[in-house]
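Peer 1: Can you read through this structure? Questions will come right after.
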Amino acid sequence: MKNKMQLQFSALSRNESFARVAVAAFVAQLDPTLDELTEIKTVVSEAVTNAIIHGYEENPDGMVYVSAAIYDDGTVEITVRDEGKGIADIEEARQPLFTTKPDLERSGMGFTIMENFMDDVEIKSQPESGTIIRLKKHLALKNALCN
Ligand SMILES: Nc1ncnc2c1ncn2[C@@H]1O[C@H](COP(=O)(O)OP(=O)(O)OP(=O)(O)O)[C@@H](O)[C@H]1O
Ligand SMILES: [Mg+2]
């Protein structure tokens with residue numbers, strides 16, 4: 001069975017914790033380990049922060065779209081989408097320590113963290129039209145049945 005949810009919210013930094021907690025509460029149905037939940041919260045924070053800071057450059061008129069789907073086999077799929085400025089060179093953006101905002105104390109580790117914590121990270125982006133990040137993780141199910 002598939003169970004899914006969607007959120008949309010203004011591109012304000014203060015909404016980052018809202019998105020992180022909402023996704024964690026949804027995924028909690030799969031009875032994740034504490035480590036798995038921490039990893040999921042961290043990647044949601046990273047991707048949502050990127051949408052707000054890079055995609056919209058903190059213009060709160062922008063909207064961030066987050067969706068999550070969970071499956072009985074323990075698979076979690078999360079997407080974070082913005083309609084902001086997009087990424088010119090995705091391969092370059094994925095490199096550890098690459099950042100276009102070193103001035104804002106960014107370390108360029110967001111995508112590297114997402115790749116370390118998730119089983120699959122897909123980035124689609126078009127300059128001036130937006131970015132979608134698709135994150136997948138397979139949880140080690142402790143319970144045979146998830147209802
Ligand atoms: N949603 C987005 N829209 C536009 N550009 C993005 C988006 N997400 C990432 N980028 C680009 O990719 C680069 C790398 O992102 P990454 O999250 O790895 O590092 P960072 O955000 O710069 O620093 P950190 O995440 O460590 O604070 C960013 O500096 C930015 O140029
Ligand atoms: Mg980042």
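Peer 1: Divide by every residue of the chain the summed helix terms, -39500 (n - 2.57) for each DSSP H run of at least 4, and state the resulting mean residue ellipticity at 222 nm, rounded to the nearest 500 deg cm²/dmol.
Peer 2: So the calculated ellipticity at 222 nm is -9000 deg cm²/dmol.
Peer 1: Suppose every K and R has +1 on its Cβ and every D and E has -1 on its Cβ; what is the size of the dipole of the stretch 3-138 about the Cα centre, in Debye to the nearest 20?
Peer 2: Using Cβ point charges on Lys, Arg, Asp and Glu, the stretch 3-138 gives about 260 debye.
Peer 1: State the percentage of accessible surface on the stretch 3-138 attributable to carbon and sulfur atoms; use a 1.4 Å probe and exclude ligands, DNA and RNA.
Peer 2: Exposed carbon and sulfur together represent 47 percent of the surface.
Peer 1: Work out the count of Lys pairs in the chain where the Cα-Cα distance is under 19 Å, with the pair 8 or more places apart or on different chains.
Peer 2: 12
Peer 1: Just want the answer: with Cβ charges of +1 for Lys and Arg and -1 for Asp and Glu, which residue in 99, 88, 116 is farthest toward the dipole's positive end in the chain?
Peer 2: In the chain, that residue is 116.
Peer 1: Label residue 72 and residue 129 with points 7 Å out from Cα along Cα→Cβ: what is the distance between them in nm?
Peer 2: Each label point is offset 7 Å from its Cα along the Cβ direction, giving 3.8 nm.
Peer 1: Here's something else I'd like to know. What do you get for the angle between helix 15-27 and the principal long axis of the chain? Use alpha-carbon atoms, 0 to 90 degrees, nearest ten.
Peer 2: Taking Cα atoms only, the helix is inclined about 20 degrees.
Peer 1: Rolling a 1.4 Å sphere over the protein heavy atoms, what is the accessible area per residue of the stretch 3-138, to the nearest Å²? Before the final figure, lay out each step's value.
Peer 2: Details: 6950 Å² over 136 residues.
Averaged over the residues of the stretch 3-138, the accessible area is 51 Å².
Peer 1: Now a separate question. Charges only on Cβ, +1 for Lys and Arg, -1 for Asp and Glu: so what's the dipole of the stretch 74-118 about the Cα centre, in debye to the nearest 20?
Peer 2: So the dipole magnitude of the stretch 74-118 works out to roughly 80 debye.
The values are calculated or read from the model by the stated rules, or taken from the named source; none is laboratory data. What you see is a predicted model, and the numbers here were worked out from it, not measured in a lab. Note: ideal-geometry Cβ built from the backbone for every residue, glycine included; neighbour counts use all protein chains shown. Accessible surface areas use protein heavy atoms only, side chains included; no ligands, DNA or RNA. Shrake-Rupley method; radii C 1.70, N 1.55, O 1.52, S 1.80 Å.
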